[in-house]
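Notes follow once the structure below has been shown.
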Amino acid sequence: MTSRVDGPLKVTGRAKYGADHNLPGMVYGYVVLSTIANGEIEAMDMTGAKSSPGVVGVYSPFDPLELKPAMTPIFGETWVPLQNKEVAYYGQPIGLVVAETYEQARDAAMVVEVSYHRRPAVTSLEDGLASAEDAPESRGTPSSLSVLAPDVESIEDALEASPVVFEATYRTATQNHAAMEPHSAVAVWDAGQVTVYSGNQGANIQAMELASALGVEMSSVRAINPFVGGAFGGKGRTSTPAFLAAAAARTLDKPVKIVLSREQVFTATAGRAATVQKLTLGAKEDGSLTALRHDSWCSVPIDRSFVEPTSHGTSKEWYSTPNLSISQKMVPLNIPLTTFMRAPGEAPGSFALESAMDELALKLNMDPIELRLRNNSTAPPGNDLQWSSKHVDECYRIGASRFGWADRLPGGRTDGDWLVGMGMATAMFPALRFPASVEVTLRDDETAVVGTSGADPGTGLLTVLSLVGAESLDISPDRITPLLGDSALPPGGMSGGSTATASAGSAVMIAAAQVLDELLALASAPGAPFEGMEVTYAEGRVHGDALDMTFGEVLRAANRTSLSAIGSSAPGEELTKHSFSSFGAQFCEVRVHRLTCEARVSRMLGVFDAGRIINAKAARSQMIGGMIWGVSAALHEGMEIEENGRLANGDLAGYLLPVNADISEVDVHFVQYPDTLHNPVGAKGIGEIGMVGMAAAVANAIHNATGVRIRHIPITIEDLLE
Ligand code: MOS
C-alpha cells in the first residue's frame, strides 16, 4: 500500500497543471464557438472585437493562424481548428480572440458577429439511423464478423435452430469526459522552439501532433504535462487550446494562455458516442449459448473520425459460442466530435450484452452467474489463441460470497418504502501494451531517476514508475525520483487503453537491468576498485571478493556523477501465442423508492482478475473510480442535444454526475495471478475495466428490485414511474 508520490503536491495545491503556468508578458486567448450545427460561415465581423480594450489578436478561418491538420502514426489525422469555413456541429471552435487579460478576451469574443449559410442538421441518433454506414476496421477487427460452426450456413439458421432465443435492443447516451481540469494550454516560443504546457495522455504524442500542425520538426516542440487533472481518453489527442495557443504565440511572439470554460469543454472537446445495440442470443435449455448476434450503431461526427466499437468487444472478449455474428455501423451526425472514453466499446457494449445475458437467465430460469459460468470461454470465439490467464470464475465465486448473492430473491425484497434488488455483470477489457522507452539513471548521491515522457492523468503511473524502478534496482522506493510528462524524456507512449503499467513498467525493468550491467562493467574496469574481481549487484551495492561498495561510491570512484541507460519494450511474439484480457465480476444492490421511483445504488463490489497489482492502494482507487462512473452512466450521465444541435445540459449544473450522496459503499477485491506471458511486470490493465459491466449490473438490479426492465441508460425516475 503506497501513497501517491505526487499526492502531497496535489492536495496542497502545489502541483502545477498546464494552465497554472504564468509567464512574463503572457496574453490570454478566448475561443469563439459556432452557434449553428451545420453550414458554412459566410462572414465573421471582427471589428468590434478588434477595437475592444486590450485585444492583441483576432483569428478566424478568414484570418487564420499558421496551422494545418495534424497527422501522426498513432492517431492518423487529428482535427485542428480554423482550417476552413465549414461548421459541422453547434459549439465548434471557429475563432480566437487574444487580449491582455482573460476577461478582455472573453468580452471581445462576445461581440464577434458571425453569419452563416445554414444547412439542415441531423442531430439525433434515432433520426440518423436510416443513413447508417458500415464502420471501417477498428482495433484490427473488421466492421462485421461472422464465426459459424462447420455445419451452419448463417447466423439466422443458428438462431432458428436454438431452443431458446432472446432478442432486445439497447441504447446508451452520449457523454462528456467532464475531467476536473478543463482543456487548456500555455505556449511560449523561444528561438524557433515552442514549449507547450497542456494536460495530455502522452507528452511525446502531443509533441508529435503539435509539430505536425505547426509544420515544424518534432525537436522544435516540447510538450510538458507533469500533472494532468483527469483525461479518460479526452486528452489523448491534442486539444483546441493547445493548437491555438502554440500558433498564436508564434504569430504574436508572446506567451499565450487559453483555458476552455466548462461549457466550452462540452462541445469544443470530443466525447463518447451514443449507441443503439441489438442483441440476439440463442441458447440451449441448460444455458449454453448456441448463437450470439450483436448489431451496433453508434453516432459519429460528420468527419467520421472515431467509431465506438461496441460489437468488437463481444467478438474479442466475451462468451464461448459456436456461432457469432457482429456488425458495427456508424451514423454521421452534426454533433461534437467523438473519441476514446474510458473503456471505449466495452463500456456501452457491456451494458447491452450484460443486460441481455441477465434477461436470458431470467427466461431460462437460471441464476445469472450460473449462465455466465456455463459460457466461460477459454479463447475468444473463432480464435485459436487461448487466454494467457483467466480467473473470472473465481471472481464470480468470491464476489457472490462477499456480496451475499445467495440472499438475492427472484423478485427482490422490500425495506419499508424501498424496493431492494441485486444485480451482477461480467467485466472485461483487453490487456494491451504499447511501445515505450524509459531512462533509468543511477546518481552518485545513491538515488536513481526513472523517466519517460508518458503522462499520469491521475492513474498513479508516477508512483508505479517509482515502485517498479525500486524493485528492479533493488533499492527502496524513496530513493527513486520518477519523472513523467515531458516530451524531452524518452518516448513513453500513452496513458490510454489501460496499458501504461505494462508498457512503461516493462521498459523500466529492461533499462534497470541494462544500467546495472553497465555499473558492474564500470566497477570492474581496468583501474576501477573491483578490477579483476567477479562482481555482483544487490540492494544498491556492488559486491566483489574482498570489496563491497554502494553504487554511489562506485560512481564517485569513477569520477561520474551519474550513469544512465534507456530500455525499450514493445508488444511482440506473445501476440502470436495467447489472447490477453483482464476480467472481473461486478455486483450491486439498488434501492428504488416505491413512490418517488428514485434509484439509489446502496452497495457495490467489483472483483477483478487483472494480473499483478503493483500498488494496491492506487489500483483500488482506479477500480472505485471506474465503478462509480459505471453508476453514473447508468443513472446520471447523458448529453441532451436539442434539435438545432445545441446542448441543453452542457455544464456541470445540467450534466448530472454522481456526488458523494449518490455513492455509498464500494468494495473492491483483486484475485492476483501475475500474467508474465503478457509482459515481464505481470500486470494487466486496470484503467478501464472498473466501469465495464457496472451499468448493466445497475439495470439488472433495478429489474430485480422492481420487475421493470429498462433497456437504455441513463435510467431516470421517469422511466420507473409506472
Ligand atoms: Mo483511454 S479511453 O484509455 O485513453
Counting only residues that are small (Gly, Ala, Ser) and either farther than 25 Å from Leu432 by Cα or touching a Phe, Trp or Tyr at 6+ places or on another chain (Cβ under 9 Å) (or both), segment 604-629 contains a total of 5
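Which ones in segment 172-213 are among the β-branched types (Val, Ile, Thr) and touching a residue at least 40 places away in the same chain (Cβ under 8 Å)?
Within segment 172-213, Thr172, Thr174, Val186, Val188, Val194, Val196, Ile205 meet the criteria.
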Looking at (1) touching a residue at least 24 places away in the same chain (Cβ under 8 Å); (2) more than 16 Å from the ligand (Cβ to nearest atom); (3) in contact with a His (Cβ under 8 Å, 6 or more places away or on another chain), which is the one condition that is false for Ala502? (2)
Looking at segment 8-23, I want the residues that are over 20 Å from Ala223 (Cα atoms) and have a partner that is part of a loop (DSSP other than H, G, I, E, B) with Cβ atoms under 6 Å, at least 6 apart or on another chain. Which pairs are those? Leu9/Ala15
Tell me, which residue of segment 343-374 that is on the phi > 0 side of the Ramachandran plot and at pLDDT 95 or above is nearest to the ligand (Cβ to nearest atom)? Ala343
Return the residues of segment 537-547 that are part of a strand (DSSP E or B) and loosely packed, with under 12 Cβ neighbours inside 10 Å; say none if nothing qualifies. Ala538
Which of the helices (runs of 4 or more DSSP H) contained wholly in segment 35-152 include at least 1 residues that are in contact with a helix residue (DSSP H, G or I) (Cβ under 6 Å, 6 or more places away or on another chain)? 47-50, 102-110
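For a quick check of your reading: which strands (runs of 3 or more DSSP E) sit entirely within segment 270-357 and have at least 1 residues that are acidic (Asp, Glu) and not assigned by TED's automatic domain parsing to the domain that holds Gly638?
Here the list reads 289-301.
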Checking Ser568 against (1) at pLDDT 95 or above; (2) assigned to a loop (DSSP other than H, G, I, E, B), which test does it fail? (2)
Any idea which residue in segment 438-457 is nearest to Ala178 (Cα to Cα), counting only those that are of a type outside the set (Val, Ile, Thr) and surrounded by 24 or more Cβ atoms within 10 Å (Cβ to Cβ)? Pro457
In segment 466-499, the residues that are polar (S, T, N, Q) and within 16 Å of the ligand (Cβ to nearest atom): Ser495, Ser498, Thr499
With respect to Ala504, determine if the residue is closer than 24 Å to Gly682 by Cα and in a helix (DSSP H, G or I). yes
More than 30 Å from Gln386 (Cβ to Cβ), at pLDDT 95 or above and buried (at least 22 other Cβ atoms within 10 Å of the Cβ), is that true of Arg591? yes
Going through segment 669-683 in order, the residues found to be touching an Asp or Glu at 6+ places or on another chain (Cβ under 8 Å) and assigned to a strand (DSSP E or B) are Phe670, Val671, Ala683
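Residue-wise test of (1) of a type in the set (Asp, Glu); (2) not in a loop (DSSP other than H, G, I, E, B).
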position: Gly630; (1), (2): no, yes
position: Asp651; (1), (2): yes, no
position: Asp667; (1), (2): yes, yes
position: Gly685; (1), (2): no, no
position: Val698; (1), (2): no, yes
position: Asn704; (1), (2): no, yes
Is one or more of the residues making up segment 301-308 in contact with a helix residue (DSSP H, G or I) (Cβ under 9 Å, 6 or more places away or on another chain) and within 16 Å of the ligand (Cβ to nearest atom)? yes
Within the bounds of segment 272-287, is there any residue that is within 16 Å of the ligand (Cβ to nearest atom) and either without any contact (Cβ under 8 Å) to a residue 12 or more places away in the chain or acidic (Asp, Glu) (or both)? no
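Please enumerate the residues belonging to segment 391-441 that are assigned to a loop (DSSP other than H, G, I, E, B) and within 19 Å of Gly497 (Cα to Cα).
Filtering segment 391-441 for residues assigned to a loop (DSSP other than H, G, I, E, B) gives 391, 404, 408-412, 416-417, 431-435.
Result: Ala431, Leu432, Arg433, Phe434, Pro435.
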Checking the condition among the acidic types (Asp, Glu), over 20 Å from Ala283 (Cα atoms) and modelled with pLDDT under 95, which residue from Asp384, Asp415, Asp407 passes? Asp384
On the given criteria, is Ala406 within 16 Å of the ligand (Cβ to nearest atom), assigned by TED's automatic domain parsing to the domain that holds Phe587 and over 17 Å from Asn225 (Cβ atoms)? no
Going by what's in this entry, would Glu534 be described as more than 16 Å from the ligand (Cβ to nearest atom), assigned to a loop (DSSP other than H, G, I, E, B), in contact with a Lys or Arg (Cβ under 7 Å, 6 or more places away or on another chain) and not hydrophobic (A, V, I, L, M, F, W, C)? no
If you check every pair at least six apart or on different chains, which have Cβ atoms under 7 Å apart with a residue in segment 674-690 that is acidic (Asp, Glu) first and a residue that is more than 16 Å from the ligand (Cβ to nearest atom) and in a loop (DSSP other than H, G, I, E, B) second? Asp675/Ser388; Asp675/Ser389; Asp675/Gly682
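When segment 706-722 is examined, which residues are found to be not charged (D, E, K, R) and not in a helix (DSSP H, G or I)?
Matches in segment 706-722: Gly707, Val708, Ile710, His712, Ile713, Pro714, Ile715, Thr716, Leu721.
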Over segment 363-390, the set of residues in a helix (DSSP H, G or I) and not basic (Lys, Arg) is Leu364, Pro368, Ile369, Glu370, Leu371, Leu373
Among the residues of segment 261-287, what is the count of those that are among the hydrophobic types (A, V, I, L, M, F, W, C) and within 30 Å of Leu96 (Cβ to Cβ)? 6
Residues of segment 197-252 that turn out to be within 15 Å of the ligand (Cβ to nearest atom), of a type in the set (A, V, I, L, M, F, W, C) and not in a helix (DSSP H, G or I), as a count: 3
Output the number of the condition that Thr459 fails; it satisfies all remaining conditions of (1) within 14 Å of Thr2 (Cα to Cα); (2) away from the ligand (no atom under 16 Å from the Cβ); (3) among the hydroxyl-bearing types (Ser, Thr, Tyr). (2)
Which residue is nearest to Leu432 (Cα to Cα), if the candidates are limited to segment 324-342 and must be of a type in the set (S, T, N, Q) and either within 16 Å of the ligand (Cβ to nearest atom) or at pLDDT 95 or above (or both)? Thr339
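The values are calculated or read from the model by the stated rules, or taken from the named source; none is laboratory data. In this text, all values refer to a predicted model and were calculated from it rather than measured experimentally. Counting neighbours? That spans all protein chains shown, and the Cβs are built from the backbone with ideal geometry, glycine included.
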